[in-house]
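Visitor: Pasting a structure here, questions to come.
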Amino acid sequence: MTARGLDRQLRQGAARDGAGFRSYCRATGGVLHVSVRPSPREREVSRNIRCRQRHYEGAKTGRDHRSCGGYPCSCASISWLDGETEQAILGDLLLSFCLENANRALGRKEQVLRVAPAHFMASWVDLPQSVSNLRFVPEMLVAILADQQGSCVEQNREGDKTWFAVGRGFEHNVLLQVFHKGVVREGQFHTQTSDKFDETAEAGLDQLLMIRLAQQLGQAPDKIRGKAEGGEQISNQRPIAELAARHFSEDLRKFILGYADVIPRHSLVEMLESCMAVGLTTILTSVIQLLFEWVDTGAIRSQCDQRPALLLVDCSNGVDRSLRGIAEQSMTDFMRRIERIPVVLMALRLLDHGARYDPQLRKLDTSTRPYSTNWLNLLGDLLHERQEAAKAVLYDLERKAHELADAFEDEYREAAELLRNDRFFPNPVWRIAEALTSLQGRKNTQNNLFSLFDSALLVNRPNGLAIKRAVYRAISGSGRNKRDVRSLVFTDAALDPPRASECSTQRN
């Protein structure tokens, strides 16, 4: 079957089946599945669908979720691809250009981990219902790129000078311009069905596959409605590492303007991921450095003086063993230091709770958006007792520490001892923070933190910034133990971006 023939079948199937089934894809639990709410006539048709089904989280959602173990070619919305050859071709194409299995495994029956951003209409494939692993990350990126001053990200007006306009169409946003090929708006703006594809536009095979997949879904997914202030609005909350955030926005803009029109799309997506990995990692390490300094001084360093963590990068691509060893040691020392970050974050939560409900501090009306620097400085004054209300807040925490110690005496004796150990931790904030973190499980909190770093660094990916490997190290008194070591390794693609002339030749 040729690509043109496959596209003809996709278009015919979309016109025939897309209107009959009101379905949408979700990547819940790492499995791409289809949620179908059929009419009586559709239920009769669905009996003939040859798709593995199982109930998925029915107790949590209260809805009938029907899950398929393979790719959408075996689902209800494209059940018209009956031939095994057609299904195999479509499955391989989706796996090559649009979808990625868990652990980058091969095969058409593996769990789907992610949808590649081959086209803007890839956003029609919905996020998981539970987005805890992506909590606030997409919103933070939008806030950084929009660079607004209000408490929430607002729609840009005509005449606003920005490279990343919000709600102003693709032509006003340099990032969306890269992925909007053939998309036109019809009907009312901002609706879930206003984006259409112009069939006369030229698109690559990877884009066309994602477009046809989106057309099968019928419409874009519903918005995520959070409980936070602002409802459907995006909170304009940006990281306290202001300098790293500004550099990230500038790097992304310059990369898109310089390479979007000359690099083949498949390579552009990978390089764009690497660019975001550099920015997010720099922001994350800068925030950690600021928090460590805040513990000692109670103040956040000004933007012009902020610096990311100093880490050695292995530019030999892991070939030079001595250089690789030094890079691993540098990263190991940093990872050992950040093991205390969960305790620092717990202390911030305790101080934040005490400050928000203190009558005297509430009158100050300290702003936390777009940057929470002033609020953290206020919490630092409480921690170091430089604020009048510090005595009342710390006295209340002291009482709670003793109450918790009495409650934990029988079942959690170690936590109770931490809460009472005022000789080692004179400040009750640190006693409660240490105890609560230990009750959560230090291994659990540290693993979550390490997973965050691995995700930001794109560890062990061809376009990633770090490599992780398991090694055996001799420890005195306990023999040889297995542990994971990481090292920053910049690949050739990261060190030597392609020149415009080479990219034009490769594209043509």
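Visitor: Is the range 406-490 rounded, prolate or oblate when judged by the Cα gyration tensor, a ≥ b ≥ c being the square roots of its eigenvalues, rounded requiring a/c under 1.5 and prolate requiring a/b larger than b/c?
Guide: Verdict is prolate for the range 406-490.
Visitor: Name the shape class, rounded, prolate or oblate, that the alpha-carbon gyration tensor gives for the range 343-459, where a ≥ b ≥ c are the square roots of its eigenvalues, rounded holds for a/c under 1.5, and otherwise prolate holds if a/b is larger than b/c and oblate otherwise.
Guide: oblate
Visitor: Work out how much length Asp160 to Arg473 would gain on full extension: take 0.36 nm times their residue separation and subtract the Cα-Cα distance, in nm to one decimal.
Guide: Fully extending the segment from Asp160 to Arg473 adds 107.0 nm.
Visitor: Each residue of the range 381-389 in turn: what ³J(HN,Hα) in whole Hz from Karplus with 6.51, -1.76, 1.60 and θ = phi - 60°, glycine and Pro shown as x?
Guide: 5, 5, 4, 9, 6, 9, 10, 4, 6
Visitor: Starting from the Cα of Glu403, move 7 Å in the Cα-to-Cβ direction to define the label point; list residues of the range 339-383 whose amide nitrogen is under 16 Å from there.
Guide: Once the point is set 7 Å along Cα→Cβ of Glu403, 350-351, 353-355, 357-358 turn out to lie under 16 Å by backbone N, inside the range 339-383.
Visitor: Ignoring ligands, DNA and RNA, what percent of the accessible area of the range 252-384 is carbon or sulfur (1.4 Å)?
Guide: In the range 252-384, the share of accessible area belonging to carbon and sulfur is 53 percent.
Visitor: Using θ = phi - 60° and the Karplus curve 6.51 cos²θ - 1.76 cosθ + 1.60, what whole-Hz ³J(HN,Hα) does each residue of the range 271-288 get, with Gly and Pro shown as x?
Guide: With coefficients 6.51, -1.76 and 1.60, one gets 5, 5, 5, 5, 4, 5, 5, 4, x, 5, 5, 5, 4, 5, 5, 5, 4, 4 Hz.
Visitor: Suppose R0 equals 56 Å. What FRET efficiency, 1/(1 + (r/R0)^6) with r the Cβ-Cβ distance, do Thr85 and Asn377 give to the nearest 0.05?
Guide: On the way: r = 65 Å, r/R0 = 1.17.
Efficiency, rounded to the nearest 0.05: 0.30.
Visitor: By the gyration tensor of its Cα atoms, with a ≥ b ≥ c the square roots of the eigenvalues, what is the shape of the range 170-316: rounded for a/c under 1.5, prolate for a/b over b/c, or oblate?
Guide: Note, shape of the range 170-316 comes out oblate.
Visitor: For the range 327-376, report the accessible area per residue in Å² (1.4 Å probe, heavy atoms, rounded to an integer).
Guide: Heavy-atom accessible area per residue stands at 52 Å².
Visitor: Using the heavy atoms of the protein chains and a 1.4 angstrom probe, tell me the accessible area per residue for the range 392-458 in square angstrom.
Guide: In whole numbers, the range 392-458 has 59 Å² accessible per residue.
Visitor: Express in Å², to the nearest 10, the accessible area of Thr85 obtained by rolling a 1.4 Å probe over the protein heavy atoms while all chains stay in place.
Guide: Accessible area of Thr85: about 90 Å².
Visitor: Can you give me the Rg/Rh ratio for the range 241-390, using Cα atoms for both radii and the Kirkwood formula for Rh?
Guide: Reported Rg/Rh (Cα atoms, Kirkwood Rh): 1.09.
Visitor: Could you run the Karplus curve 6.51 cos²θ - 1.76 cosθ + 1.60 with θ = phi - 60° over the range 88-105 and give me ³J(HN,Hα) per residue in whole Hz, x for Gly and Pro?
Guide: 5, 5, 5, x, 5, 5, 5, 5, 7, 10, 10, 10, 9, 6, 4, 6, 6, 6
The values are calculated or read from the model by the stated rules, or taken from the named source; none is laboratory data. Not measured: the values here are computed from a predicted model. Backbone-built Cβ (ideal geometry, glycine too); neighbour counts: all protein chains shown. Each accessible area value is taken on the protein alone, full model and side chains, heavy atoms only, with ligands, DNA and RNA left out. Shrake-Rupley method; radii C 1.70, N 1.55, O 1.52, S 1.80 Å.
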